[in-house]
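Asks: This structure is in structure tokens; I'll ask about it shortly.
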Amino acid sequence: MSTSDYDPACLPDLLPIYYRRLFPFSQYYRWLSYGGVSKNYFQNREFSFTLKDDIYVRYQSFTTQNELDKEIQKMVPYKIDIGAVYSHRPSQHNTVKSGTFQALEKELVFDIDMTDYDDVRRCCSAADICSKCWTLMTIAIRILDRALREDFGFHHLLWVYSGRRGVHCWVCDDAARKLSVAARSAVAEYLSLVKGGEETARKVVLSDPIHPFINHSLSVVEHYFQQYAIVDQDILGSKESVDKVLALLTSHIKKDLTVLYKDVKDPMKRWDKLCNLVECKKSTIKKGQYFDKEIMLQYCYPRLDVNVSKGVNHLLKSPFSVHPKTGRISVPIDLKELNTFDPFEVPTISLICEELERPRADEAEEDDMKDKENEQEAGERRRIRDYKRTSLAKYVKVFDRFLEAMARSRKGEMLKKSDLQKDF
């Protein structure tokens, strides 16, 4: 279903149905409780809601899943953001002595937005995306996921499509949630390569020897670069785009290529000429021996919003929130199917609400009997039954697998601790 089938004017009618029948509250609560890691962990978490007409409500907090469920159904937020776990209940922050209300923990988060690539993509700009430039998000996930797992040793990474033009990463390991602002900044800086604003032409500068992390990143970029940059974005096609690439080179390489490009029109051959020339000039250039690699990284390397990652109290859009402009659900991404993930295939709220209304032949009467036994359990059972009948099901399944892996890891840690205590 394309976004054109979604009408933002219908959102006030669709959201109550979505929150009542489809939002995965049980898994959501399970995620943010972290197995009851500490007594007040969930109730000290900040949620913020953006309501109709852009009314913004911060410092919401809830004691139980039931309370969260009821409040969201009552307030019907257009957008949900998740903040830090605080020293006190966020809803009572005004009653706490000044200076004692502190953000203590939060997942290490990353926000990659397609608008930050506007200087290097030709197919779209601003909030628009297409299958050509979506490759940039695939590259970003591949590079950052490997680095966070292998270079930093994190295990529990939840990658989420924002619902419009980007992706978010939630690093949920215990060690990641406890990181200080300085440590978060250090991780974000380590992962940042593209530096400088609009006035800076050459945004990636490599030094010799190339750091192993950059080599790993280059191997990812090289896999996608020719199809993405040379073919799809045609960066060596028009004079304007060629000039942009040549601006990243020293004057004598630039001069030689300008002459060569008069006879060579094919973009792929032009790229080969550039690489060969850089290779030939390596012995004569003290700096800039990696121009070809710098160009690849400048055009394809992930562009992080470092400020989102640095702050413990920074809010980030919640998974399973609905994007009001596109109507798409902010869904977890299955990395096993990353190359085939299509943001335009992500269900809209109008589609899943429509799927709910389709007649079903297998509605069991016994469920209705059970439903009368316990209102909360019945509501939960109905919700599971409902979302399984929609396109949302496969994304909730990805979330379930993520939660199961965290639970297994927690269990392993507890067994290790008990074995250590027995040794004493």
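The values are calculated or read from the model by the stated rules, or taken from the named source; none is laboratory data. The model shown is predicted, which means the values in this text are computed figures rather than measured ones. Cβ: placed from backbone, ideal geometry, glycine included. Neighbour counts: every protein chain shown. These accessible areas exclude ligands, DNA and RNA; they are computed on the full protein's heavy atoms, side chains included. Shrake-Rupley method; radii C 1.70, N 1.55, O 1.52, S 1.80 Å.
Asks: Would you check which residues across the range 245-272 are in a helix (DSSP H, G or I) and either closer than 19 Å to Gln227 by Cβ or not assigned by the TED database to the domain that holds Lys293 (or both) and list them?
Replies: Here is the first cut: in the range 245-272, the ones in a helix (DSSP H, G or I) are 245-246, 251-263, 267-272.
Val245, Pro267, Met268, Lys269, Arg270, Trp271, Asp272 - these are the residues of the range 245-272 that are in a helix (DSSP H, G or I) and either closer than 19 Å to Gln227 by Cβ or not assigned by the TED database to the domain that holds Lys293 (or both).
Asks: Now a separate question. Sort out for me the strands (runs of 3 or more DSSP E) sitting completely within the range 41-142 that have 2 or more residues that are among the β-branched types (Val, Ile, Thr).
Replies: 55-60, 79-86, 108-113
Asks: Regarding the range 171-189, can at least one residue be identified that is touching a residue at least 12 places away in the same chain (Cβ under 8 Å) and in contact with a Pro (Cβ under 9 Å, 6 or more places away or on another chain)?
Replies: no
Asks: Look through the range 310-341, keep the residues that are in contact (Cβ under 8 Å) with a residue 24 or more places away in the chain and part of a helix (DSSP H, G or I), and return whichever of them is surrounded by the fewest Cβ atoms within 10 Å (Cβ to Cβ).
Replies: Here the residue is Asn339.
Asks: Filter the range 132-167 for residues that are open to solvent by less than 10 Å² (accessible area, probe 1.4 Å) and under 18 Å from Phe402 (Cα atoms) and give the result.
Replies: Scanning the range 132-167 gives Ile141, Leu144, Leu148, Leu158, Trp159, Val160, Tyr161, Val167.
Asks: Mind checking whether some residue in the range 74-82 is open to solvent by 60 Å² or more (accessible area, probe 1.4 Å) and more than 24 Å from the chain's Cα centre (by Cα)?
Replies: Within the range 74-82 (the criterion being open to solvent by 60 Å² or more (accessible area, probe 1.4 Å) and more than 24 Å from the chain's Cα centre (by Cα)), the answer is yes, since at least one residue qualifies.
Asks: While we're on this one: Could you please find all residues in the range 45-59 being touching a Pro at 6+ places or on another chain (Cβ under 7 Å) and either open to solvent by less than 50 Å² (accessible area, probe 1.4 Å) or over 20 Å from Tyr86 (Cα atoms) (or both)?
Replies: Across the range 45-59, the qualifying residues are Glu46, Phe49, Thr50, Leu51, Lys52.
Asks: Which number in (1) open to solvent by 70 Å² or more (accessible area, probe 1.4 Å); (2) at pLDDT below 80; (3) within 28 Å of the chain's Cα centre (by Cα) marks the one condition that Phe344 misses?
Replies: All conditions are met except number (2).
Asks: Something else: The conditions are (1) over 23 Å from Ser217 (Cα atoms); (2) surrounded by fewer than 19 Cβ atoms within 10 Å (Cβ to Cβ), and Asn307 fails exactly one of them. Which is it?
Replies: Failed condition: (1).
Asks: Another one. Mind checking which pairs have a first residue in the range 381-397 that is more than 14 Å from Val346 (Cα to Cα) and a second that is modelled with pLDDT under 95 and not in a helix (DSSP H, G or I), Cβ under 8 Å, 6 or more apart or different chains?
Replies: Arg389/Arg358; Arg389/Arg360
Asks: Another question, then. Could you tell me whether the range 254-274 includes any residue that is open to solvent by 70 Å² or more (accessible area, probe 1.4 Å) and polar (S, T, N, Q)?
Replies: No: the range 254-274 contains no residue that is open to solvent by 70 Å² or more (accessible area, probe 1.4 Å) and polar (S, T, N, Q).
Asks: Then there's this: Determine which single condition Asp5 fails, assuming it passes every other condition in (1) at pLDDT below 95; (2) open to solvent by 70 Å² or more (accessible area, probe 1.4 Å); (3) out of contact with any Gly (no Cβ under 9 Å at 6 or more places or on another chain).
Replies: So Asp5 meets the others, but not (3).
Asks: Considering only residues that are open to solvent by less than 70 Å² (accessible area, probe 1.4 Å), closer than 12 Å to Cys133 by Cα and more than 21 Å from the chain's Cα centre (by Cα), which ones fall in the range 215-233?
Replies: Phe225, Ala229, Asp232, Gln233
Asks: Also: Can you name every residue in the range 244-253 that is loosely packed, with under 12 Cβ neighbours inside 10 Å and either of a type in the set (D, E, K, R) or farther than 18 Å from Gln233 by Cβ (or both)?
Replies: The one that is loosely packed, with under 12 Cβ neighbours inside 10 Å and either of a type in the set (D, E, K, R) or farther than 18 Å from Gln233 by Cβ (or both): Ser251.
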